[in-house]
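The values are calculated or read from the model by the stated rules, or taken from the named source; none is laboratory data. Bear in mind the structure is a predicted one, so any value in this text is a computation, not a measurement. Areas reflect the complete protein model, heavy atoms only, side chains present, ligands, DNA and RNA absent. Shrake-Rupley method; radii C 1.70, N 1.55, O 1.52, S 1.80 Å.
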Amino acid sequence: MRKVAYIFALIGCIITAFALIPLIWTIPMVRMYKRAITDHESHMILGILSLFFLNFIAGILLMCSGHNK
């Protein structure tokens, strides 16, 4: 489920690419999503911030994934 969240976060980053200012926080968030695929920690704060700044679906998927892996 985290890989699907990463894909949605990447899509959200590409959509905001028309403006340079949002890329300042979307690119690091997408990199954190990439790291979240392999680790077994909770990423609740990243999910909440993703709801506001990146992509609603990616934030929900990351918050729901929890410690399942």
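Quick look at the numbers
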{"quantity": "Karplus 3J(HN,Hα) series, Hz, for the range 27-41 with 6.51 cos²θ - 1.76 cosθ + 1.60 (x for Gly, Pro)", "calculated": "5, x, 5, 5, 5, 5, 4, 4, 5, 6, 5, 9, 8, 10, 9"}
{"quantity": "The chain, helix-only ellipticity at 222 nm - DSSP H runs n ≥ 4, -39,500 (n - 2.57), divided by all residues, nearest 500", "calculated": "-23500 deg cm²/dmol"}
{"quantity": "Protein accessible area in the chain, 1.4 Å probe - carbon and sulfur %", "calculated": "75 percent"}
{"quantity": "The chain, Cα convex hull volume normalised per residue, Å³", "calculated": "63 Å³"}
{"quantity": "Probe 1.4 Å, accessible area per residue of the chain, Å²", "calculated": "65 Å²"}
{"quantity": "Per-residue ³J(HN,Hα) for the range 6-14, Karplus 6.51 cos²θ - 1.76 cosθ + 1.60, θ = phi - 60°, Hz, x for Gly and Pro", "calculated": "4, 5, 5, 5, 5, 4, x, 5, 5"}
